[in-house]
Amino acid sequence: MSQPLSLKLPPLSLYIHIPWCVQKCPYCDFNSHGQKGQVLPESEYVSHLLDDLTEDAKLVGDRAIHSIFIGGGTPSLFSAQAIQTLLDGVKKRVNLLVDAEITMEANPGTVESQRFADYVKAGITRISIGVQSFQPEKLAALGRIHDENQALNAVKLAKNIDLNSFNLDLMHGLPKQSLEDAMFDLNSAITQQPPHLSWYQLTIEPNTQFHSKPPKLPEDELLWDIQERGDELLKQAGFEQYEISAYSQVGQQCQHNLNYWRFGDYLGIGCGAHGKITIPNKNQIVRTVKVKHPKGYMDLTRSYMSDKKVVPSEDLPFEFFMNRFRLLEPCPKSDYSDFTGLAMDDSTKKNLQIALNRGLLVESADEWRVTQLGRRYLNTLLEMMV
């Protein structure tokens, strides 16, 4: 058993969940709910979000919030006025830094020029556009509501408004995808010169349509060819990989995601949102989960909190390394004790040594770093940390 040390406070972020989308995609395991023609309860939901934040703010006092991420669902279904009301309310309830990164996810099928510009006026500094593919047959297979022209138009809009940055979400390993298909999509994205690209492999998750009716996906050998060729293509285009599925131009990393993978803290408000909060004076790390379904979340007779628990000390080593080892940057060894509040125990030392011996990690006196082999076999590396 690891011996407790004094916990240090990591940076703090805020995640806001807006659960509605036009229709649920067959691969999606996020907490999202198809709109089905209903009028969205914008003002009611924003009011609940702010009441939820009022309660959560008690957990963090005047700690500075460095970033906000508004995810979903499809947050761009909400009007700019709703987002303005939301962000104005956030600033009244927590200590949001003036230069905080504020990201919102957007679907190419739900945006037009004035709407994008109004989001920026409301306070959005970064938009993440869910493109997924630039090929009609692949978009149809994924159940996306947009086409390739709408995707290109959304990118054009993002480039022409006063954003600090924007991201394109792109998937590979799609049904019936060839190496040439995957490189076409990646080249199409690179041609648009986004500051940031999230390029990740489609996985079949439980409780999705694809899980009940699995499509035929590329074989492992082809998946690795796609990954290797894609990594090289992105490198040649000036993108630096900083996380397993995240690539950016110099200085354009997503600060919200970096804080998450560095085992930082985050408040989570909205349907099904998760939070992680460090409480040094109790030497505790607390995880929170909010009520999942919109109807239950907006029920005034219920608490927004669905679950709140202290992370057991025996779970902290795995949770820490599960996050940190997704990043390509070195992990300072001091972060382990600073942000888990634990001294390194014999079991964790043994697990790390096995990973070092197998070439999945390298170390210096002060840092660990995941090797290229470790990145390829990341799941194996993480399983060693249990």
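The values are calculated or read from the model by the stated rules, or taken from the named source; none is laboratory data. These numbers come from a predicted model, not from an experiment. All Cβ positions, glycine included, derive from the backbone under ideal geometry; neighbour counts span all protein chains shown.
If the condition is being part of a loop (DSSP other than H, G, I, E, B), without any contact (Cβ under 8 Å) to a residue 40 or more places away in the chain and not acidic (D, E), then the range 145-177 contributes only H146. Considering only residues of the range 67-106 that are over 22 Å from K156 (Cβ atoms) and small (G, A, S), which is surrounded by the most Cβ atoms within 10 Å (Cβ to Cβ)? Step by step, filter the range 67-106, then rank; the result is G73. Counting the residues of the range 199-212 that are modelled with pLDDT under 85 and in a loop (DSSP other than H, G, I, E, B) gives 3. Only residues that are in a strand (DSSP E or B) and in contact with an Asp or Glu (Cβ under 7 Å, 6 or more places away or on another chain) were counted in the range 257-269, giving 2.
Within the range 287-300, is there a residue that is without any contact (Cβ under 8 Å) to a residue 60 or more places away in the chain, among the small types (G, A, S) and surrounded by fewer than 16 Cβ atoms within 10 Å (Cβ to Cβ)? The answer is yes; a qualifying residue exists. Restricting attention to the range 374-383, the residues being surrounded by fewer than 17 Cβ atoms within 10 Å (Cβ to Cβ) and in contact with a helix residue (DSSP H, G or I) (Cβ under 9 Å, 6 or more places away or on another chain) number 2. Note on the range 225-274: residues that are more than 14 Å from the chain's Cα centre (by Cα) and within 21 Å of P75 (Cα to Cα) amount to 4. What are the pairs, 6+ residues apart or on separate chains, where a residue within the range 72-88 that is on the phi > 0 side of the Ramachandran plot has its Cβ under 8 Å from a residue that is assigned to a loop (DSSP other than H, G, I, E, B)? If the second residue must be assigned to a loop (DSSP other than H, G, I, E, B), the pairs left are G73/P19; G73/F30; G73/N31; G73/S32. Within the option set G109, G89, being of a type outside the set (K, R), at pLDDT below 95 and in a helix (DSSP H, G or I) holds for one residue only, G109. When L222 is tested against (1) surrounded by 19 or more Cβ atoms within 10 Å (Cβ to Cβ); (2) out of contact with any strand residue (DSSP E or B) (no Cβ under 7 Å at 6 or more places or on another chain); (3) in a helix (DSSP H, G or I), exactly one condition is not met: (1).
Checked against (1) charged (D, E, K, R); (2) part of a helix (DSSP H, G or I); (3) over 19 Å from D220 (Cβ atoms), D181 meets all criteria but (3).
For (1) touching a Gly at 6+ places or on another chain (Cβ under 9 Å); (2) in the same structural domain as N379 (by TED's automatic domain parsing); (3) outside any strand (DSSP E or B), each residue gets a yes or a no:
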| residue | (1), (2), (3) |
| --- | --- |
| G275 | yes, no, no |
| T288 | yes, no, no |
| K292 | yes, no, yes |
| F321 | no, no, yes |
